[in-house]
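Okay, so here's the structure we're looking at.
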Amino acid sequence: MTAPKERTRCEVWTRVMGYHRPVSHFNIGKKSEHYSRKHFTECAAANKAFVAQYSETCA
């Protein structure tokens, strides 16, 4: 485990209302909403299948 003196604070930014802003600058209500959001990771295979499916219909 890293000693506390060796750790660095990590600032989290998110996109809100069309611009990026640090979560540390949010008010209490907005912070609560941000931390209750569900985050996901898009897999590359699913993205390729989506592009292949819809690129044919758009061409």
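The values are calculated or read from the model by the stated rules, or taken from the named source; none is laboratory data. Quick caveat, the model's predicted, so the values are computed rather than measured. Here Cβ is always computed from backbone atoms with ideal geometry, including for glycine, and neighbour counts include all displayed protein chains.
Tabulated data
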| read-out | value |
| --- | --- |
| Near pairs, Cβ below 9 angstrom, 6+ apart or cross-chain, from region 29-52 (at pLDDT 80 or above) to any residue that is assigned to a helix (DSSP H, G or I) | K30/V23; K31/V23; K31/S24; H34/V23; Y35/V23 |
| Flag for C10 being modelled with pLDDT under 85 and not basic (K, R) | no |
| Neighbours by Cβ (under 8 Å, 6+ apart or cross-chain): first from region 4-24, of a type outside the set (A, V, I, L, M); second in a loop (DSSP other than H, G, I, E, B) | P22/E11; P22/V12; S24/E11; S24/V12 |
| Qualifying residues in region 13-28 (those that are touching an Asp or Glu at 6+ places or on another chain (Cβ under 9 Å) and either modelled with pLDDT under 75 or not in a helix (DSSP H, G or I) (or both)) - the one surrounded by the fewest Cβ atoms within 10 Å (Cβ to Cβ) | P22 |
